[in-house]
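This report concerns only the one structure given below.
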Amino acid sequence: QVQLVESGGGLVQPGGSLRLSCVVPRNIFSIVTMGWYRQAPGKQRELVAGITSGGSTNYASSVKGRFTISRDNAENTVYLQMRGLKPEDTAVYYCNVRAVVEAWQHESDLWGQGTQVTVSS
């Protein structure tokens, strides 16, 4: 089973910044898209930001202008830089990769274990 390794969550005051990282194993055949989702207590998981293999990005309207998604192809890593954090950004953040794991397989979604982000004074 492919394991994505996330890091970077924590407790931060309103207005603060955090950077999340997600390392993708190098033995995956090809990566289609990479992204970050979040799930707050009692709410559905929602897309926060995504980035394609060509570098095109998309963001949830609630984070546009505050969050930046990027990827380092050499390191097989996707980042989420979060600035101007608000209490409503509090959630568990999950890394997502849509990929073809083995050449003969169809695309599938891979998920990280989740990292808690808490924005509170």
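The values are calculated or read from the model by the stated rules, or taken from the named source; none is laboratory data. Since the model is a prediction, treat every value here as computed from it, not as a measurement. Backbone-built Cβ (ideal geometry, glycine too); neighbour counts: all protein chains shown. Keep in mind that these areas ignore ligands, DNA and RNA; they rest on the heavy atoms of the full protein, side chains included. Shrake-Rupley method; radii C 1.70, N 1.55, O 1.52, S 1.80 Å.
Key figures for this structure:
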{"item": "Residues residue 118 and residue 73, FRET efficiency given R0 of 30 Å [Cβ-Cβ distance, rounded to 0.05]", "result": "0.45"}
{"item": "Extension gain (nm, one decimal) between residue 61 and residue 102, 0.36 nm per residue minus Cα-Cα", "result": "11.3 nm"}
{"item": "Fraction of beta bridges assigned by DSSP in the chain that are antiparallel (%, nearest 5)", "result": "90"}
{"item": "Tensor-based shape of region 1-71 (alpha-carbon gyration tensor, a/c under 1.5 rounded, otherwise prolate or oblate)", "result": "prolate"}
{"item": "Euclidean distance between Cα centres, region 101-121 to region 1-24, Å", "result": "11"}
{"item": "Whole-Hz ³J(HN,Hα) from phi, Karplus 6.51 cos²θ - 1.76 cosθ + 1.60, for region 65-75, glycine and proline x", "result": "x, 10, 10, 9, 9, 8, 9, 10, 5, 5, 9"}
{"item": "Integer Hz, Karplus 6.51/-1.76/1.60 couplings in order for region 25-31, x for Gly and Pro", "result": "x, 6, 8, 6, 5, 7, 9"}
{"item": "Accessible area of region 73-121 divided out per residue, in Å², using a probe of 1.4 angstrom", "result": "50"}
{"item": "Cubic angstrom per residue, convex hull over Cα atoms of region 62-101", "result": "95"}
{"item": "Segment residue 52-residue 83, extension gain: residue separation times 0.36 nm, minus the distance between their alpha carbons", "result": "9.0 nm"}
{"item": "Whole-number D in µm² s⁻¹ for the chain, Kirkwood Cα-pair radius fed into Stokes-Einstein, 10 °C, 1.306 mPa s", "result": "109"}
{"item": "Formal net charge of residues neighbouring residue 23 (Cβ-Cβ distance under 15 Å; K, R +1; D, E -1)", "result": "0"}
{"item": "Whole-percent carbon and sulfur share, accessible surface of the chain, 1.4 Å", "result": "47"}
{"item": "Karplus-derived 3J(HN,Hα), 6.51/-1.76/1.60, for each residue of region 37-54, Hz, glycine and proline x", "result": "10, 9, 9, 8, x, x, 10, 7, 5, 10, 6, 9, 7, x, 9, 8, 5, x"}
{"item": "Largest-first principal axis extents, alpha carbons of region 45-111, Å", "result": "44, 24, 19"}
